[in-house]
Amino acid sequence: MASNSFGDIFRVSTWGESHGPAIGCVIDGVPPRLPLSEADIQTYLDQRRPGQSRFVTQRQETDQVRILSGVFEGQTTGTPLSLVIENVDQRSKDYGEIKDRFRPGHADYTYQTKYGIRDYRGGGRSSARETAMRVAAGAVARGILARELGNGFWLGGALTQIGPHPVDRANWDWAETTRNPFWSPDAAAAARWEAYLDQVRKDGSSAGAIIEVVARGVPAGLGEPIYGKLDSDLAMAMMSINAVKGVEIGDGFAAVETPGEVAHDEMRMVDGAPTFTTNHAGGVLGGISTGQDVVVRFAVKPTSSILTPRQSIDRHGAEVEVRTKGRHDPCVGIRAVPVGEAMMACVLADHVLRHRAQTGHRGD
């Protein structure tokens, strides 16, 4: 299997399967003398960890990370950083009935077709379990961004819609995202989602979601104008997350309905500095950051593993009915919020380091 790595200078390679003994990653390009401890990484892993509410999978993984290399006396050394998390709560027997069956919405059929073999226990390599290592890598990336960009840099994510129920942007409060189990910036929406997901789970079904990730304090000048565009790298990073089916930057698809005189962000001089009056572009023009907030949204499909029986086939070509057992999220989008934040951090850290290597400075 190729393509287990992403990034150019800040390069992350992940390994491991859902029901294997462990998952891990190796990160190249981490600058030396960056303060880093396991606790720094654990803070973000705890945000993604399963079993924290009734609205996510009840698999009980502590997700305790260990640093195996690349850190000495509390600082990075500039050598490859290796991280590992042991899997401690696998229940592989839950998947015995579907080892020869292709679950609708999963990668079972495509993996079997491509490789001629697949690890059916929880999806193996295709499981969202792999995203824990993305969150770990994102914690390292945040440390780089904090050092390179200073206190003005901030990055956060929020869940803006579950099923047909969006947040009211008039109620948006970033602080609220830490006060409910959904990462919702709207307390009223979170209350509606509780009742909605309880019914979804009772019905043996699942729901999709939209996540928004915002980065502030990103300097102008990051990204390349053709194939290394900042927005194309962000789109690739978000689309690589399990179950993501759509990505947009700034206004995204809504820009189609916006008149040209409104859609294009006007500029003025304020206190001697170029300033945009709006941010329909989501902080990127021509593949290069503008200095405004970088805004990315991505859509996560409903969880594929559901109790409702679905029609499919097995690997022998027989038509079968599949009912997926196990412990699954009624909405995988909930735990995708810290994953989206991590991918944004990784892409930005990579571009900051790439920009410095090419121009000798971080941007502006």
Legend entry - Some residue of segment 349-358 being open to solvent by 40 Å² or more (accessible area, probe 1.4 Å), under 14 Å from Pro219 (Cα atoms), in contact with a Pro (Cβ under 7 Å, 6 or more places away or on another chain) and modelled with pLDDT of 90 or more: no
Legend entry - The listed residue being in contact with a Pro (Cβ under 8 Å, 6 or more places away or on another chain), open to solvent by less than 30 Å² (accessible area, probe 1.4 Å) and in contact (Cβ under 8 Å) with a residue 12 or more places away in the chain, out of Ala237, Ala190, Ala137: Ala190
Inset, instruction - Give me a count of the residues in segment 18-52 that are within 18 Å of Arg66 (Cβ to Cβ) and within 21 Å of the chain's Cα centre (by Cα). - result: 18
Inset, instruction - Tell me, yes or no, whether segment 231-245 has at least one residue that is part of a loop (DSSP other than H, G, I, E, B) and over 15 Å from the mean Cα position of the chain (by Cα). - result: no
Legend entry - Selected residue [surrounded by fewer than 22 Cβ atoms within 10 Å (Cβ to Cβ) and outside any helix (DSSP H, G or I)] from Gly105, Gly143: Gly105
Inset, instruction - Could you tell me whether segment 29-42 includes any residue that is open to solvent by 20 Å² or more (accessible area, probe 1.4 Å), free of Cβ contacts under 8 Å to residues at least 40 places away in the same chain, touching a Ser or Thr at 6+ places or on another chain (Cβ under 8 Å) and not basic (Lys, Arg)? - result: no
Legend entry - Filtered residues of segment 272-311 (kept if open to solvent by 20 Å² or more (accessible area, probe 1.4 Å), of a type in the set (A, V, I, L, M, F, W, C), under 30 Å from Tyr109 (Cα atoms) and not in a loop (DSSP other than H, G, I, E, B)): Ala299
Inset, instruction - Scan segment 117-126 and give yes if some residue there is under 30 Å from Trp172 (Cα atoms) and either part of a loop (DSSP other than H, G, I, E, B) or modelled with pLDDT under 95 (or both), otherwise no. - result: no
Inset, instruction - Return yes or no: is Ile162 surrounded by fewer than 24 Cβ atoms within 10 Å (Cβ to Cβ) and touching a strand residue (DSSP E or B) at 6+ places or on another chain (Cβ under 7 Å)? - result: no
Legend entry - Any chance Val167 is on the phi < 0 side of the Ramachandran plot, surrounded by 13 or more Cβ atoms within 10 Å (Cβ to Cβ) and touching a Ser or Thr at 6+ places or on another chain (Cβ under 7 Å): yes
Inset, instruction - Answer yes if at least one residue in segment 222-230 is in a helix (DSSP H, G or I), crowded, with 19+ Cβ neighbours inside 10 Å, in contact (Cβ under 8 Å) with a residue 60 or more places away in the chain and among the aliphatic types (A, V, I, L, M), and no otherwise. - result: yes
Legend entry - Selection from segment 178-187 of residues that are in contact (Cβ under 8 Å) with a residue 40 or more places away in the chain and either open to solvent by 30 Å² or more (accessible area, probe 1.4 Å) or out of contact with any Cys (no Cβ under 9 Å at 6 or more places or on another chain) (or both): Pro181, Trp183
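The values are calculated or read from the model by the stated rules, or taken from the named source; none is laboratory data. In this text the structure is predicted, and so the values were computed from the model without any measurement. Glycine gets a Cβ as well: all are built from the backbone with ideal geometry, and neighbour counts include every protein chain shown. Keep in mind that these areas ignore ligands, DNA and RNA; they rest on the heavy atoms of the full protein, side chains included. Shrake-Rupley method; radii C 1.70, N 1.55, O 1.52, S 1.80 Å.
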